[in-house]
Structures are given as C-alpha cells and as structure tokens.
Amino acid sequence: MATCSFCGYDIIPTTGKLFIRKDGKVINFCSKKCEIAMNKHNKIPRDTAWTKAYRDNKAARIAENKVAENKNKGKGEDERKKPSNRKA
Ligand SMILES: [Zn+2]
C-alpha cells in the first residue's frame, strides 16, 4: 500500500494521484488537498496541522514537556523538604 508523500497516511487502493516531477521523482498524493498544499502552496508537512509528520512532532514535544515538568516537580519537592530539615 502506498503512502501519501505529503500527509504520510496510507492511500486507499484505486484512489489518489501519482505525480512525476520533471527530475523523475515519483510522488503519491492521497487527495487534491495534499497535492495543492505541496505543489501550489509549497507547505512543509511538519508545519501543516493535518499531516502525520506534524502530529508525530507535536506528540514528541508534549512528551518532552512532560519529562521537563516531572523533573521540575521533583526539584520542587526536594526544595520543600529542605526547610523541614533546617528545624532539626
Ligand atoms: Zn495526503
């Protein structure tokens, strides 16, 4: 099964469009939406909200933020415990 060169999702057999550039590179499109976004508007898949590349990138960013928040939370708890140690 072919995948769309722009959005990255699988193309249903007997649908979509095969586009061949002048330089010979073969490009598959699942829909006219993807074709126009790539060829006419020169959009980057990573920056276009409905593509797989964007969603993967976003999930990675959220995971990184959660890891960073957990690290900060851990530091915060340690700092809270320190004043109790000062009393003793
Ligand atoms: Zn597509």
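A simple spin-label model places the labels of residue 60 and residue 2 2.7 nm from each other, with each point 7 Å out along Cα-to-Cβ. One chain, two ends: residue 48 and residue 20. Fully extended at 0.36 nm per residue, the span grows by 7.8 nm beyond their Cα-Cα distance.
Bear in mind that the values in this text are calculations on the coordinates, not laboratory data. Quick caveat: nothing in here was measured; it's all calculated off a predicted structure. Cβ atoms come from the backbone with ideal geometry, glycine included; neighbour counts cover every protein chain shown.
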